[in-house]
Amino acid sequence: MNTQLYLITPPRIDACFAATLAEALDAGEVAALQLRLKDHSRDEIVALAPELIKIAQSRGVAVIMNDDVSLAVELGCDGVHLGQSDGNVKEARAKLGKGGMLGVTCHDSRHLAMEAGERGADYVAFGAFYPTTTKETATIAEIDLLRWWVELFEVPCVAIGGITVENAAPLIEAGADFLAVSSGVWAHTDGPAAAVAAINALCAD
């Protein structure tokens, strides 16, 4: 399988974001959209998310809620992404049901990734691979971690953290199943649609 793009929303969005999202999703293949609206309250997310979910799902893009299983279920998301402090994989799976997608942040840890896989995660996320302004980076992961994982395990892996059009190629070459990108798309100098198209071109090479 070729590496695919896994888009993450900016932490804060405005009324224009829905149109920007639609344009970005129409510019190339996107496997998933993570709603990571960290700078919004729960009530704001409940108000903002439905339009984004509709835009993504109507294009065949899976919608993953960051951190909050109950909110994912309430809003009709396709799954949830859990950080290490965001709850138990087993409990999340019970709430989500068998069909829901469940991803787990594993930082730079082989142990955490194997544990997540054993507990039923649908994907594991490694990173940050590069410095990032989107969130505080406690760990920097080595690219060899991706090679090790894809050689030994069937559970897909997501590379995350500071990924841009300019630095994505080594992660693709290492075998990452998905590239999780936020500001590398939304803050791209030629605009988000151009970034999505460029990452798709890299993944297709």
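Structure data summary
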item: The range 118-133, residues that are surrounded by 21 or more Cβ atoms within 10 Å (Cβ to Cβ) and either out of contact with any His (no Cβ under 8 Å at 6 or more places or on another chain) or of a type in the set (Gly, Ala, Ser) (or both); result: 121, 123, 124, 125, 127, 128, 129
item: Output for the range 1-38, where each listed residue is out of contact with any helix residue (DSSP H, G or I) (no Cβ under 8 Å at 6 or more places or on another chain), in a loop (DSSP other than H, G, I, E, B) and closer than 20 Å to residue 158 by Cβ; result: 1, 11, 31, 36, 38
item: Answer from 142, 91, 151 - the residue that is at pLDDT below 95 and more than 22 Å from residue 7 (Cβ to Cβ); result: 91
item: Selection within the range 41-70 - surrounded by 14 or more Cβ atoms within 10 Å (Cβ to Cβ) and small (Gly, Ala, Ser); result: 49, 56, 62
item: Failed item, numbered, when residue 171 is tested on (1) touching a residue at least 24 places away in the same chain (Cβ under 8 Å); (2) part of a helix (DSSP H, G or I); (3) within 13 Å of the chain's Cα centre (by Cα); result: (3)
item: Selection count, the range 173-201, where residues are touching a helix residue (DSSP H, G or I) at 6+ places or on another chain (Cβ under 6 Å), surrounded by fewer than 20 Cβ atoms within 10 Å (Cβ to Cβ) and either closer than 25 Å to residue 124 by Cβ or acidic (Asp, Glu) (or both); result: 1
item: Counted residues, the range 156-205 - those being over 20 Å from residue 128 (Cα atoms) and among the small types (Gly, Ala, Ser); result: 7
item: Residue in the range 175-198 that is among the polar types (S, T, N, Q), closer than 22 Å to residue 64 by Cα and touching a strand residue (DSSP E or B) at 6+ places or on another chain (Cβ under 6 Å) present; result: yes
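The values are calculated or read from the model by the stated rules, or taken from the named source; none is laboratory data. Values in this document were obtained by computation on a predicted structure and should not be read as measured data. Using ideal geometry, Cβ is built from the backbone for each residue, glycine included, and neighbour counts are taken over all protein chains shown.
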